[in-house]
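S.K.: Shown below is the structure under consideration.
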């Protein structure tokens, strides 16, 4: 009974936090500068992308470079729902339907791509997923029904701070539970030693495809939010460099750390904006700061730990005590 009460209490608190994003978004929209509000929304979208890729690269131990391709599928499918299939859709109904359609389309693509490619490992898997991302981009670029080379215009601005951060809470909460469940232990076993995991009876291909499909679903949701926030999408927003940017967030946060991926997404979204004072040298400074951060923290901001784990804080306290 105690476990049931705890489970119900935890879910009620989670739903209350999700519902609280709408009054919080209204308050921020009233007093926060629109430019800063836009950056906050981009932070939320990048958190979803980083946490979902962390499930594939950090937790399951695969190396995917095609996350921008899944984001593109979600963006274009969800935009097609509200522009071509259901125009003038109300935000309360149109956005959830569009996001679900985009997420399911990306998950389906992840399943179809994952079945043949996830039998590969290491560099071969990275090259295969990189090729998939580029194939998706070129197909969209040559599909006139979704704008082609012109991009897709007229997407209704249905997404807002509230809807983005409601999805952030759902994504982080659900993936946190998944990673800390029995399925998560199977993912971690595959990451540490795939041969040993298979010898212990774990269906490694099934679990890798599961991680790939779930990560692709949330990348598609992030793409749908992006499309319905800015109102215009083009394949240039989903290039190879976008995939690299998401991988950097995962690596910088710490492979396998959900809270590390969140912190890295926040830092790497804000950092380019803070460096706008030196427009000519902004990307040089940005790259140098990334190099310094990886040299000083090669295992990432949090390593493999979560910010809530006491061992992380205890080790930090012990280092401080020894230094003193």
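S.K.: Sort the following peptides by mean Cβ neighbour count (other Cβ atoms within 10 Å, averaged over residues), highest first: 135-147, 104-116.
M.R.: Listed from highest to lowest mean packing, they are 104-116, 135-147.
S.K.: Counting residues in the stretch 1-130 as N, plug N into 2.2 N^0.38 Å and put the Cα Rg over that result.
M.R.: 1.33
S.K.: Moving on. How big is the chain by the Kirkwood estimate over distinct Cα pairs, in Å?
M.R.: 20.6 Å
S.K.: Kindly identify the stretch 97-175 as rounded, prolate or oblate by the Cα gyration tensor criterion: order the square roots of the eigenvalues as a ≥ b ≥ c, call it rounded if a/c is under 1.5, otherwise compare a/b with b/c, prolate if a/b is larger, else oblate.
M.R.: Note, shape of the stretch 97-175 comes out oblate.
S.K.: Follow-up question, since we're still on this one. Considering only 85, 251, 164, give the residue with the highest GNM mean-square fluctuation for the chain, with springs between Cα atoms whenever their separation is below 10 Å.
M.R.: Of 85, 251, 164, the most mobile in the Gaussian network model is 85.
S.K.: Compare 202, 270, 285 in a GNM of the chain, Cα atoms joined below 10 Å, and give the one with the largest fluctuation.
M.R.: Comparing 202, 270, 285 in the GNM, the peak value goes to 285.
S.K.: Roughly what would the spin-label model give for residue 205 and residue 282, points 7 Å off Cα along C-beta, in nm?
M.R.: In this crude label model, residue 205 to residue 282 measures out at 4.7 nm.
S.K.: Next question. Over the Cα atoms, compute the radius of gyration (one decimal) and Dmax (the largest Cα-Cα distance, rounded to a whole number) for the stretch 153-211, in Å.
M.R.: Here Rg and the maximum Cα pair distance are 17.2, 53 Å.
S.K.: Calculated from DSSP H runs of 4 or more alone, at -39500 (n - 2.57) each and per residue, what is the 222 nm mean residue ellipticity of the chain, nearest 500?
M.R.: Mean residue ellipticity, 222 nm, calculated: -24000 deg cm²/dmol.
Where a number appears in this text, it was derived from the coordinates with a stated rule and is not lab data. Predicted model only: the values in this text are computed from it and were never measured. Don't worry about glycine lacking a Cβ; one is built from the backbone with ideal geometry, like all the others, and counts go over all protein chains shown.
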